[in-house]
Structures are given as structure tokens and as C-alpha cells.
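Chemist: Structure in C-alpha cells, see below.
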Amino acid sequence: MHSLIQLSIVVLLLPLLSFVILIFFNRRLPRRGDFIGVGILGTAFGISAYIFWSVIVQTYDPAFRIAWDFTWIDLGNVPGVGPLQIKMGIVIDNLTAIMLAMVTLISLLVHLYSTGYMAGDKNYGRYFAFLGIFTFSMLGIVLSDNLFAIYIFWELVGLSSYLLIGFFFEKDSAADAQKKAFLANRVGDIGMWLGILILYSQFHTFSFEQIYANLAAGKFALSNAWLTAAGILLFMGCVGKSAQFPLHIWLPDAMEGPTPVSALIHAATMVAAGVYFVARIFVMLTPDALHVIAFIGACTAFMAATIAITQNDIKRVLAYSTVSQLGYMVLGLGVGAYSASLFHLVTHAFFKACLFLGSGAIIHAMHHEQDMRWMGGLRKHMPWTFATFTLATLALAGLPLTSGFLSKDAILAGAIGFAKVEGGGIFYLIPVLGFFSAMLTAFYMGRQIWLVFFGESRTHLKPADNHHADHHAHDNHAVHGDDHHADHGVHEVSWNMRAPLVILAALSVFAVYSPDPLDGAKGWFMKMIPTPATVVGEANPQKGALLAATPAPHLAGIVSPSEVVASHPAAEPVAEEHGVASAAAGHGEEKGGHVYSDPRQAEIVHAGHAAHYTAIYISSIMVVLGIGMAFVVYVFRIIDPEKTAQAIRPLYLFSLNKWYWDEIYEATFIKGSIVLSKILSWFDTNVVDGIVNGVALLVRKFAFANNSFDKYVVDGMVNFTAFTVNTTGAVLRKLQTGKVQTYVAMLILAIFGYFVFYFTRLIY
Amino acid sequence: MEQLTTIGLNHYLTISAILLSLGLFAVMTRKNAIVVLMGVELILNAANINFLAFSKYNGGMEGVMFALFVIVIAAAEAAIALAIVINIFKIFKSVDVSSIDSMKE
């Protein structure tokens, strides 16, 4: 076993250890054992950082991959199924190493932050235990090398998110939110499991490596439609976990959980798991499945962005922005911008965690006021939070010099390239929606920054009666009962809440990922996570020929000369080399560039590179437009937001009410299930119960008949026998007088009788 | 007439029948247990007469042997029966067979 594998197992098990210790012993430990959670996560992060260092920094090989597995359950040859052997294993490649470091880092920061944010909560120790099991589940997904193990950890993530979202379960809204999250996830997981079964039925293995090897060897016996279906079904798991349209409804409600939990679940781990999973199955997705994924991602990104612009709850804005950004990632995977999408996953994890923790700090400082309308002017009181929050906001909006710019731009460039390759038409909808969402993102984040940090404090504007009701609705303090209510001064948070903000904000700067503030492809990340070769490549000779015929002359001018397309005539695979300038075509493979077996994919990646500057221009314009609009509306107040809202009231309400998705689900699925359950209830009471009662009645009747038979016939016979014997006895007892002479008389009578009988016989 | 004057088997049998009837009568009607025992002796002797009469007219000695046995057994029986009667008297202070019915039912 490779030493890195051993270390990764230690990393995986450490949070579980934290969970076990804290769930059983937190009440017996000083400080409810929070130092154990933080310490264990610190250790896990240290080991993960070492793995990251060894894999990414020292090895620096895009094809790095080590794996180890063992047979977990061997059921032998199961009739009707074939050999059934379930293996567990760990695979470490560049993506795993990056995700390990990211998850443990953010989990560590959230642990640290929570020591401040959750201080005084009555279930303080249990909270840290839940964080531990959550981190364990997420690390399991990251490390697993097969679908079965991923599914197990997938469900564990679902469970632990259920526990964390409903942490304040005394509140009905939190209990409802946790149920909603769990159920929405279950819907996706069913699809995912069906997808796993389709693949298992074909290859009798859960291992990614073996499935892909089999697919590449063309051993998939069913038609391609089945493969597409398997891809889309597996993607359903992602739809649930990553809150994609139409199962996005759980994520905003999940804001009922403690704010650090939102940072952990909705920035770095659970929602990232869906995207990570799609990345793992990326190579087996057919072009049709990818189209579906791209459109769902684009719809999600756009829809969530339009909702976010009218929300007033600071966490809800961030929640919808998360949904929107996840839409980007899924869109990126769908259009084939694999590296860009995962890049965005990581950058988003850091700046969104920063935003959530920052909003937590604001909520903490504002005594659990979450409504942005009554904030304002916090810049002076909370300089640290203001600085980090603003930096993360700029990254989210996608301003140059931030990490978000690099990754979002790469995705949008990929989307343009994809639309070009697919031949335009409806496929241009995807980049258009993407750019439009980018503008909306800039707008609503500008609005948020302004409402929260600038202007004058509007706390006093809050309607008094409303204040009271609202206060209780959002009040987590009532649950953890500390004494902040007496002191209404806004203050900066303590160091253990400030440090995570600073670290996360620092990780939102472009320099961490790429030396070039305008091009993420020059950074280490995109080099370490190359787009893998698909195993279901649609052998489309026409497109291959197209690419070969036009090696993108106009692009070569725009893109740096390092982009060299090695294109041999039609049938040859296209070799593409990154990084080294003036590489000859034939050197592509030797110098560590990789070969795309699928011309379509190569073409998309290439067109994406080509569209890089186009994307930069458009997205910069969009971002400036968005922020500018926010300024026009909220800073200069040239356009009054209230009047505008009145002017376009239907649209405003449409957005404010979240596209009425909750109402639609209420009217269809929930009402539908209630009606169905009523019908079933009627059926149950009348038909099923009728049958049962009928049977019971029959049995009763039969039992009564049986009883009567018993009583009158059987008992009658027994009693009659007894009666007969009794009567006979009563008669015969008279004969026994006890007097010798009577007996003698009877004796003689008998002898006489015998003689009479005997002689009568003798005569006749 | 000759039939009557010459003593034959029928005479013996008649005497025997009379004796038996008298014995039965005594056994069934007398209340004194000792008289009942005497009736039993009469019955035994009626049987003896039959044995001897049949023995005489049959020519064998078996009847005589049986009669001797009966006499011996009758003696034994009388001894035991008198002992029983004495014991009954000790318990019931009476030898009235009609009043001794404790074996009833």
C-alpha cells in the first residue's frame, strides 16, 4: 500500500473518531470537547496538506493516480445476478488531493469559527460531533474508487446534512427544512441508484476504472440510449445533492441550520459532492447526457440568479447565489469545460465559505437580525468582516484579479466554444444565460454589500410589531440563550471567527491559482486537472474532419502561441499540448500533453481556449454592468428600487416568490400526494378494511357455529352419556341393598332364569 | 303302584328337592344368622343325597367321594361361618341378617 493511501485512510477516519468521541463523551469533557473537534480536524488538514504537497507540488503530473482496494463483501455467484463482489477502495489523483485539502481546510475553519459562533448553545458538543460525521462522509465521497462506496457515503452525507440543517430542531421551520432537504435528496438518490444498477447489470463491477475500461472496450451490450439514460440517472444524484433545478428547493430552506453549517454544507462539501461526482463519471457521459446536464446547469444558474436579486434575507441571497454558482459548475461539466468547472468548484468553495462565515459574523453582531433592509452602515463597526466579505463578493461577482474571475471566465469560454462546436442555434442559449447570470450576480452582490455595509444604520426603521415577530422567527439566541440582547451595540467578532474569514479571503485572490490574473489556464490547477478522455466518444467523422480541415486559424492569433493543434488528417486522434511553446505536432504526446480519443471533446476544449478573450470581454462588461446597476439603484438612487418594483410588479413578485417553485410543488406533488394518500386511505378504510372485517366477520360466524356445534352436539353427546350412566346407576344402585338375603334371592332368580332360558332353547 | 312301593331314584331326588327347598326357604326368610347357616346345611345335604343317589344308580364310587368331600367342607364352612357370626355379633350386637346392611351402595 502506498504511504499516501495510508495517510488518506487516516484523514478519512479522523473526523469519524471526532464524531465518536464527541457524541458519547461531550458532556464529560471540558468545553464540551470542542478542542477535540478542532484539534482532530487540524491534524486531518495537516495530513491532507502533506498529501496535497506530495501530489500536486512535488509530483506535478497531470496523470498522477494511485489506487488501492480490497474485497469487502464476496457473495460468490448469486443466482440471477452473476458473481457479486463488492470492493472498497481508495483512489488518489490530483482532483482527490485538491478536494481533500479543500474539504479539510474549510471544515477546520468552520470548526474554529463555530467555537465562537455557537458558544453557549445547549447542544454545543453534539454540534461538533455532527460536523465530524459530516466531514467524514464527505471525505468518503472524495476518496472512494467505486460507485457503491460513493453511494454509501452519499447517503451518509444526506443523513449528516439532515442532522445539521435541523440542528435547531425545536423550531418548526428548521425541522421542516431538514425534512425537505432529505426528501429532495432522496428523489435524486433513487435516480442515482438506478444509474448504478444499469452499469452494474452490464459489467458486474462498481469500480470506476473497470467500468470505464469495459466501456472503452465497447462491452456495453445495450443501445446508446441506455448509456445516456445511465448518465442522466447518475446525474440525478447530483441534481439532488447540488441543488440543481428542479430539486434546488431544499437549499434555500436549509439556511435554517446554523450559519457555519451553511458555510460547510453549501460552499465546500455537500453541494460540491454532486459536481465532484459528475466529474468522476464525466468520461462515461454521452453527448446527449452532457447536453441535458448543460441545459439544466444553465437554467439553474439563471433562475437562481433572478431569484437572488429580490431576496431580503442575507443568507437567502447567498443561498440562491450558491444555487446559481452550482448551476455554473454543472453547466461547465455539461459543455465539456471539465477543468474550468472543477476550478470553479474549488474557488467557489473558498469565497462562498468566506461569504457565509462573514454573513454569520454579521448576523452574530446584529443580534440575529437577518433582514438586509434593517442593516446598513456596518463598514465602520466591522472593518475585518467588511474587507473579507467585500473581497469574497468581488470574487463571486467575477471581477478581474480574483479567483472567481479565472474560473467563471473559463466556464463561460467553454460554453461559447461548446455552442460553436455544436453548431449554434439553441446551444447559444447556454452561454447567453451564463453571461446574463453573471450580470445578475454582480448586481445582487453589489446590492447586498451596499445594503449591509454602507449608508446609515436602518435598525430603527424596522417596524416595531414586525420587529418582534421577525425577531423571534429568526432568533437562534432564544435557542442558545445568551445574553446579547441587553447590549445592542454592533461590534467586530472575536479572533476565532475573524481568522477563518481572513484565510478564506486570502484564498480568493487570483495569485493562489494562476500567475496570470486573466487566464486560469496558465495556473497550476487547470494543468493538474486536465479534461479526461471520454470512453464513449461518439465517433463522428464529420466533426473530426471539420476540425482537421480548419485548425482554427483565427484563434491561433488570439490565443497564445503555446496552443498548438496537432491535427493529422481526419481519423487520427487530436493531440493537444499545453504550456510549451512551439512544440511540434509529433511531440505532443511525449511532452506530457494528452491525447483526446474523442474529436468532439478536443474541439470543445480548443474552441473554449479560443473563446477565452471573447468570454473575458463579455463577462467583464456584464460584471461592470451589474455592479453599475447596483450603484445606480442603491448608491446614487437614480432609480428608486421600490418604484421599479411597483412598475414591474408581476416580475418582481415572480422573483420574490422564488418563481413560485414551492407553490408549484405544493400544488402538484404535495397536494397530489395528499390526494393520493386520501384515495389510498379511503381504499384502505373501505376496501382493505372491508375485506379484513369481512374475513373477521366470517371467522366470527364460523366460530359461533362451531361453538354451537360444540355446545349442543359434542357437549350433548358427552352429557347424554353421563346422563345415561347416571340414570342407569341410579336404577341399579337400588339392587345393591347390602342384605345378604336379597343377593341370595337374586342368585336363585338368575339360576332359575338361566334354567328357563336353557331348557326353552333345548325344547325348541 | 309298584312304582310307588319300590324305592327308586325319583324318591331320592324328591327328598333332595324338598330338602333343598326347605334349606332355601330357611336361608331366604329366617332373620337369625344361625338359622340361615342351618338352611345352608340343609342345601348341602340335599346335594349330598343327589350325589349318593346318582352314585348308587350309576354304579360308580365318584358320588360317594364327592359326598364325603362335601361333608368335610361343610364342617369347615360351619366352623368359619360360626366364627364370622360371632364377629358380626361382636360388631353389630345382633345376628339379625336383615338389619346388617352396611354394604349397601
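The values are calculated or read from the model by the stated rules, or taken from the named source; none is laboratory data. Predicted model, so just to flag it, every value in this text is computed and none were measured. Here the Cβ is made from the backbone with ideal geometry for all residues, glycine too, and neighbour counts use every protein chain on show.
Chemist: Within the range A:447-544, considering only helices (runs of 4 or more DSSP H) that don't extend past its boundaries, which have at least 3 residues that are under 21 Å from A:Ala119 (Cα atoms) and at pLDDT 65 or above?
Modeler: Numbers: elements: A:464-473, A:477-480, A:495-506, A:524-528.
Qualifying helices (runs of 4 or more DSSP H): A:495-506.
Chemist: Out of the range A:351-393, which residues are small (Gly, Ala, Ser) and out of contact with any Phe, Trp or Tyr (no Cβ under 9 Å at 6 or more places or on another chain)? Please lay out each step first, then the result.
Modeler: Of the range A:351-393, the ones small (Gly, Ala, Ser) are A:353, A:358-361, A:365, A:376-377, A:387, A:392.
Correct list: A:Ala353, A:Ala365, A:Ala387.
Chemist: Return the only residue of A:Leu22, A:Leu16, A:Leu41 being under 30 Å from A:Trp524 (Cβ atoms), of a type in the set (A, V, I, L, M, F, W, C) and within 25 Å of the chain's Cα centre (by Cα). Quick ask: steps written out before the conclusion?
Modeler: Details: A:Leu22 fails: under 30 Å from A:Trp524 (Cβ atoms); A:Leu16 fails: under 30 Å from A:Trp524 (Cβ atoms).
Answer to the selection: A:Leu41.
Chemist: For A:Ala337, indicate whether it is surrounded by 24 or more Cβ atoms within 10 Å (Cβ to Cβ), modelled with pLDDT under 90 and closer than 17 Å to A:Gly257 by Cα.
Modeler: On the way: surrounded by 24 or more Cβ atoms within 10 Å (Cβ to Cβ): yes; modelled with pLDDT under 90: yes; closer than 17 Å to A:Gly257 by Cα: no.
The answer is no for A:Ala337.
Chemist: Moving to a separate point now. Return the residue satisfying two criteria in turn: it lies in the range B:58-74 and is touching a helix residue (DSSP H, G or I) at 6+ places or on another chain (Cβ under 9 Å) and under 16 Å from B:Val40 (Cα atoms), and of such residues it is surrounded by the fewest Cβ atoms within 10 Å (Cβ to Cβ).
Modeler: B:Ile73
Chemist: Which ones in the range A:101-144 are in contact (Cβ under 8 Å) with a residue 60 or more places away in the chain and outside any helix (DSSP H, G or I)? Even if it seems obvious, please write down each step before you answer.
Modeler: Initial filter on the range A:101-144 (in contact (Cβ under 8 Å) with a residue 60 or more places away in the chain): A:102-122, A:124-136, A:138-143.
Residues satisfying the conditions are A:Met118, A:Ala119, A:Gly120, A:Asp121, A:Lys122.
Chemist: Looking only at helices (runs of 4 or more DSSP H) that fall completely inside the range A:667-764, which ones have 3 or more residues that are surrounded by 10 or more Cβ atoms within 10 Å (Cβ to Cβ), more than 14 Å from chain B (Cβ to nearest Cβ) and among the charged types (D, E, K, R)?
Modeler: Details: elements: A:671-683, A:689-708, A:715-732, A:740-763.
Once the helices (runs of 4 or more DSSP H) in the range A:667-764 are filtered for at least 3 residues that are surrounded by 10 or more Cβ atoms within 10 Å (Cβ to Cβ), more than 14 Å from chain B (Cβ to nearest Cβ) and among the charged types (D, E, K, R), what remains is A:689-708.
For (1) part of a helix (DSSP H, G or I); (2) in contact (Cβ under 8 Å) with a residue 24 or more places away in the chain, each residue gets a yes or a no:
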| position | (1), (2) |
| --- | --- |
| A:Leu12 | yes, yes |
| A:Phe25 | yes, no |
| A:Gly33 | yes, yes |
| A:Gly37 | yes, yes |
| A:Gly42 | yes, yes |
| A:Phe52 | yes, yes |
| A:Ala63 | no, yes |
| A:Trp68 | no, yes |
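Chemist: Quick one: in the range B:1-12, of everything that is assigned to a helix (DSSP H, G or I) and either buried (at least 16 other Cβ atoms within 10 Å of the Cβ) or of a type in the set (S, T, N, Q) (or both), which residue is farthest from the other protein chains (Cβ to nearest Cβ)? Show your work before the answer.
Modeler: Of the residues in the range B:1-12, the ones assigned to a helix (DSSP H, G or I) are B:2-5, B:9-12.
Now restrict to residues that are either buried (at least 16 other Cβ atoms within 10 Å of the Cβ) or of a type in the set (S, T, N, Q) (or both): B:3, B:5, B:10, B:12.
Values: B:Gln3: 25, B:Thr5: 31, B:Asn10: 19, B:Tyr12: 20 Å.
Within the range B:1-12, the match that is farthest from the other protein chains (Cβ to nearest Cβ) is B:Thr5.
Chemist: State all residues of the range B:75-102 that are more than 17 Å from the chain's Cα centre (by Cα), surrounded by 12 or more Cβ atoms within 10 Å (Cβ to Cβ) and of a type in the set (D, E, K, R); if no residue qualifies, say none.
Modeler: Selection gives B:Asp96, B:Asp101.
Chemist: Right, something else. Does the range A:632-643 include one or more residues that are in a helix (DSSP H, G or I), acidic (Asp, Glu) and either surrounded by fewer than 17 Cβ atoms within 10 Å (Cβ to Cβ) or in contact with a helix residue (DSSP H, G or I) (Cβ under 6 Å, 6 or more places away or on another chain) (or both)? Can you show your working first?
Modeler: So the first thing to find is which residues in the range A:632-643 are in a helix (DSSP H, G or I), and the list is A:632-635, A:641-643.
Checking the rest, the ones that are also acidic (Asp, Glu) come to A:642.
Subsequent filtering for residues that are either surrounded by fewer than 17 Cβ atoms within 10 Å (Cβ to Cβ) or in contact with a helix residue (DSSP H, G or I) (Cβ under 6 Å, 6 or more places away or on another chain) (or both) retains A:642.
Looking for residues that are in a helix (DSSP H, G or I), acidic (Asp, Glu) and either surrounded by fewer than 17 Cβ atoms within 10 Å (Cβ to Cβ) or in contact with a helix residue (DSSP H, G or I) (Cβ under 6 Å, 6 or more places away or on another chain) (or both), one finds at least one in the range A:632-643, hence yes.
Chemist: Still on this structure: If you scan the range A:609-622, which residues turn out to be touching a Lys or Arg at 6+ places or on another chain (Cβ under 9 Å) and closer than 20 Å to A:Thr393 by Cβ?
Modeler: Of everything in the range A:609-622, just one residue is touching a Lys or Arg at 6+ places or on another chain (Cβ under 9 Å) and closer than 20 Å to A:Thr393 by Cβ, namely A:Ser619.
Chemist: Next question. Among B:Ile34, B:Ile15, B:Ile43, which is more than 14 Å from chain A (Cβ to nearest Cβ) and either at pLDDT 90 or above or under 20 Å from A:Tyr743 (Cβ atoms) (or both)? So that I can check it myself, show each step before the final result.
Modeler: Details: B:Ile34 fails: more than 14 Å from chain A (Cβ to nearest Cβ); B:Ile43 fails: more than 14 Å from chain A (Cβ to nearest Cβ).
After applying the criteria, what remains is B:Ile15.
Chemist: Out of A:Val278, A:Val271, which single residue is crowded, with 24+ Cβ neighbours inside 10 Å and under 21 Å from A:Pro530 (Cα atoms)?
Modeler: A:Val278
Chemist: Another one. Taking the condition of being in a helix (DSSP H, G or I) and within 30 Å of A:Gly729 (Cβ to Cβ), how many residues in the range B:89-105 meet it?
Modeler: Start the filter on the range B:89-105 by keeping residues that are in a helix (DSSP H, G or I), which leaves B:89-92.
Checking the rest, the ones that are also within 30 Å of A:Gly729 (Cβ to Cβ) come to B:91-92.
Qualifying residue count for the region: 2.
Chemist: Given (1) in contact with a Gly (Cβ under 8 Å, 6 or more places away or on another chain); (2) away from every other protein chain (no Cβ under 14 Å); (3) within 20 Å of A:Leu747 (Cβ to Cβ), where does B:Phe51 come up short, assuming only one miss?
Modeler: If we test B:Phe51 against (1) in contact with a Gly (Cβ under 8 Å, 6 or more places away or on another chain); (2) away from every other protein chain (no Cβ under 14 Å); (3) within 20 Å of A:Leu747 (Cβ to Cβ), just (3) comes out false.
Chemist: OK, next. Looking only at the range B:55-88, which residues are away from every other protein chain (no Cβ under 14 Å), touching a residue at least 12 places away in the same chain (Cβ under 8 Å) and more than 30 Å from B:Leu9 (Cα to Cα)?
Modeler: B:Leu82
Chemist: Residue by residue through the range A:88-125, note down the ones that are buried (at least 24 other Cβ atoms within 10 Å of the Cβ) and among the polar types (S, T, N, Q).
Modeler: A:Asn94, A:Thr96, A:Thr104, A:Ser107, A:Ser114
Chemist: Separate question: Under 9 Å by Cβ, and 6 or more places apart or on different chains, what pairs join a residue from the range B:91-105 that is more than 8 Å from chain A (Cβ to nearest Cβ) with one that is in a strand (DSSP E or B) and surrounded by 10 or more Cβ atoms within 10 Å (Cβ to Cβ)?
Modeler: Cβ pairs passing all conditions: B:Val95/B:Asn32; B:Asp96/B:Asn32.
Chemist: With respect to A:Pro79, is the statement that it is in contact with a strand residue (DSSP E or B) (Cβ under 8 Å, 6 or more places away or on another chain) and either among the hydrophobic types (A, V, I, L, M, F, W, C) or at pLDDT below 85 (or both) true? Explain how you work it out, then say what you get.
Modeler: Details: in contact with a strand residue (DSSP E or B) (Cβ under 8 Å, 6 or more places away or on another chain): no; either among the hydrophobic types (A, V, I, L, M, F, W, C) or at pLDDT below 85 (or both): yes.
It is false that A:Pro79 is in contact with a strand residue (DSSP E or B) (Cβ under 8 Å, 6 or more places away or on another chain) and either among the hydrophobic types (A, V, I, L, M, F, W, C) or at pLDDT below 85 (or both).
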